[in-house]
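Participant: I have a structure I would like to understand better, so I am pasting it below and will then ask my questions one at a time.
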Amino acid sequence: MAGVPVRVTTGGPGDYFYGDVGIRVNTFGMKKLQAGVTGEMLMPIVLEAIEPARLDAFTNWAYLTGASRDSIEVVPLEVGPQVARAALQVGGDKLINDPRNVQHKDYAPYLEFNGSPGGTPPGILSMAFHNNDAAMRAAIHAGVARLIQGLIA
């Protein structure tokens, strides 16, 4: 894929305030392929690439009832003409509505930024994302390369 300008960008610290971190894939400058490489085609690649971070976060997340841990998910956020964006998130409605969460509060941001009372350190979600950054980028580049090869074959 040398010379094909595919840019993989990851969320910055300002993106963590709502309990998610994400990946965005842009297909800048691929004039001949832009009609064939769409956001819809990129989304499965992005979802597959972010899965190792989800598993990492799930494995290391604080566990009492499992409600907050089970709310960790990969969510598609944007599908545009040449853009696909997904986020790794925790909490939200999924946690609030979980029957194991008797107070029906979204306490996942507290666990992410402060750690758990049982000693789990803060930043599990962001660490999972950043610990898998190189692998996710490689998976996206490989997936886009396969996609392009299929279009030009």
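The values are calculated or read from the model by the stated rules, or taken from the named source; none is laboratory data. Given the structure is predicted, the values throughout are model-derived calculations rather than measurements. Using ideal geometry, Cβ is built from the backbone for each residue, glycine included, and neighbour counts are taken over all protein chains shown.
Participant: Tell me, yes or no, whether the range 137-148 has at least one residue that is surrounded by 14 or more Cβ atoms within 10 Å (Cβ to Cβ), over 22 Å from the mean Cα position of the chain (by Cα) and in a helix (DSSP H, G or I).
Facilitator: yes
Participant: What single numbered condition from (1) under 15 Å from the mean Cα position of the chain (by Cα); (2) over 15 Å from residue 120 (Cβ atoms) fails to hold for residue 58?
Facilitator: With (1) under 15 Å from the mean Cα position of the chain (by Cα); (2) over 15 Å from residue 120 (Cβ atoms) applied to residue 58, the lone miss is (2).
Participant: Starting from residues that are small (Gly, Ala, Ser) and within 13 Å of the chain's Cα centre (by Cα), keep the ones in the range 111-133 and report whichever is surrounded by the fewest Cβ atoms within 10 Å (Cβ to Cβ).
Facilitator: My answer is 126.
Participant: May I pose another question? Of all residues in the range 65-77, which are under 14 Å from the mean Cα position of the chain (by Cα) and either aliphatic (A, V, I, L, M) or in a loop (DSSP other than H, G, I, E, B) (or both)?
Facilitator: The answer is 71, 72, 74, 75, 77.
Participant: Also, I was wondering about something else. Which residue pairs have Cβ atoms under 8 Å apart, sit 6 or more places apart or on different chains, and have a first residue in the range 91-107 that is at positive phi and a second that is in a loop (DSSP other than H, G, I, E, B)?
Facilitator: So the pair list comes out as 91/19; 91/71; 91/106; 91/107; 92/19; 92/71; 92/106; 104/97.
Participant: Another question about this same structure. All but one of (1) modelled with pLDDT under 95; (2) under 23 Å from residue 114 (Cα atoms) hold for residue 72, so report the exception by its number.
Facilitator: Failing condition for residue 72: (1).
Participant: With the condition kept exactly as written, say whether any residue in the range 78-96 is of a type in the set (Asp, Glu), within 27 Å of residue 147 (Cβ to Cβ), outside any loop (DSSP other than H, G, I, E, B) and at pLDDT below 90.
Facilitator: No, the range 78-96 contains no residue that is of a type in the set (Asp, Glu), within 27 Å of residue 147 (Cβ to Cβ), outside any loop (DSSP other than H, G, I, E, B) and at pLDDT below 90.
Participant: Let me ask something else. Out of the residues in the range 23-55 that are of a type in the set (A, V, I, L, M), more than 11 Å from the chain's Cα centre (by Cα) and at pLDDT below 70, which is nearest to residue 85 (Cα to Cα)?
Facilitator: 25
Participant: Continuing with this model, one more query. Within the range 98-153, restricting attention to residues that are out of contact with any Leu (no Cβ under 7 Å at 6 or more places or on another chain) and acidic (Asp, Glu), which residue is nearest to residue 70 (Cα to Cα)?
Facilitator: Top of the filtered list is 98.
Participant: Restricting to the range 56-110, count the residues that are more than 18 Å from residue 136 (Cα to Cα), surrounded by 15 or more Cβ atoms within 10 Å (Cβ to Cβ) and small (Gly, Ala, Ser).
Facilitator: Number of matching residues: 7.
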